[in-house]
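Working notes for the structure below.
The values are calculated or read from the model by the stated rules, or taken from the named source; none is laboratory data. This one's a predicted model, so the numbers in the text were calculated from it and none came from an experiment. As a convention, Cβ positions derive from the backbone with ideal geometry for all residues, glycine included, and neighbour counts pool all protein chains shown. The protein model used for the area step is the full one, side chains on, heavy atoms only, and it has no ligands, DNA or RNA in it. Shrake-Rupley method; radii C 1.70, N 1.55, O 1.52, S 1.80 Å.
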Amino acid sequence: MEFKCYSGWDALPATANRLFEQAEKESLFYSRPWLENLTAELDDDQTIILACVVTGEMFTAILPLIKGNGNNFFPLRHRYSTHYSLLLAEDDQQQTLTCLVQGLEQMHVRSLLLEPVAED
C-alpha cells in the first residue's frame, strides 16, 4: 500500500477509473467527468491534487483536492455540489485511511477543509 499524488487528470493511470465507476453509482458528484469539469474553473493560484492510496495497480482511495496558496487544501467541488467525499474501496479501509493520513502529513498540509461532507 502506497500513498501517491497526481497533479492532473492526464497523470492519473486508467486503473483509477474503477474506483470512480464504483463511486459514481452513489452520486454524480463522485464521477470523474464531474470532477474533471470542475478543474476548468480553478483560479490561476490553484492546482488540482489527487491524493491516492494504491496497492499494486489498484486504487483504494482517491481524495480530489484543490491546493491553494501556502499549502492550504480544499475539496474539489462546486457551489452546486451537495456533498463531498473521499472515494474509498471497500477492502482494507482502515489501513487505506491510515496510509492516506500519513501521506498527507508528509505533504506538510497547513490546513485541510473538507466540506460539505457526506453523512457516511
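Here is a check on your reading of the model: is Ile62 closer than 18 Å to Leu114 by Cβ and touching a Ser or Thr at 6+ places or on another chain (Cβ under 7 Å)?
No.
Taking the stated definitions as given, is Phe74 part of a strand (DSSP E or B), out of contact with any Asp or Glu (no Cβ under 6 Å at 6 or more places or on another chain) and surrounded by fewer than 18 Cβ atoms within 10 Å (Cβ to Cβ)?
yes
Report yes if some residue within the range 106-116 is under 18 Å from Ala16 (Cβ atoms), within 15 Å of the chain's Cα centre (by Cα) and among the hydrophobic types (A, V, I, L, M, F, W, C); otherwise report no.
no
Determine if the range 53-66 includes at least one residue that is open to solvent by less than 10 Å² (accessible area, probe 1.4 Å) and not in a strand (DSSP E or B).
no
Report whether or not Leu42 is open to solvent by less than 60 Å² (accessible area, probe 1.4 Å), out of contact with any helix residue (DSSP H, G or I) (no Cβ under 8 Å at 6 or more places or on another chain), free of Cβ contacts under 8 Å to residues at least 40 places away in the same chain and not in a strand (DSSP E or B).
It is true that Leu42 is open to solvent by less than 60 Å² (accessible area, probe 1.4 Å), out of contact with any helix residue (DSSP H, G or I) (no Cβ under 8 Å at 6 or more places or on another chain), free of Cβ contacts under 8 Å to residues at least 40 places away in the same chain and not in a strand (DSSP E or B).
Kindly indicate the residue of the range 70-79 that is closer than 17 Å to Glu41 by Cβ and out of contact with any strand residue (DSSP E or B) (no Cβ under 7 Å at 6 or more places or on another chain) and also modelled with the lowest pLDDT among those meeting that condition.
Step by step, filter the range 70-79, then rank; the result is Arg79.
Does at least one position in the range 79-100 carry a residue that is open to solvent by less than 80 Å² (accessible area, probe 1.4 Å), out of contact with any helix residue (DSSP H, G or I) (no Cβ under 9 Å at 6 or more places or on another chain) and either assigned to a strand (DSSP E or B) or under 15 Å from Tyr6 (Cβ atoms) (or both)?
Yes - at least one qualifying residue is present in the range 79-100.
Applying the selection to the range 17-37, what residues are open to solvent by less than 100 Å² (accessible area, probe 1.4 Å), outside any helix (DSSP H, G or I) and over 17 Å from Phe59 (Cα atoms)?
Ser27 - this is the single residue of the range 17-37 that is open to solvent by less than 100 Å² (accessible area, probe 1.4 Å), outside any helix (DSSP H, G or I) and over 17 Å from Phe59 (Cα atoms).
For the range 1-34, what are the residues that are without any contact (Cβ under 8 Å) to a residue 60 or more places away in the chain, of a type in the set (A, V, I, L, M) and within 15 Å of Leu88 (Cβ to Cβ)?
Answer for the range 1-34, where residues must be without any contact (Cβ under 8 Å) to a residue 60 or more places away in the chain, of a type in the set (A, V, I, L, M) and within 15 Å of Leu88 (Cβ to Cβ): just Ala16.
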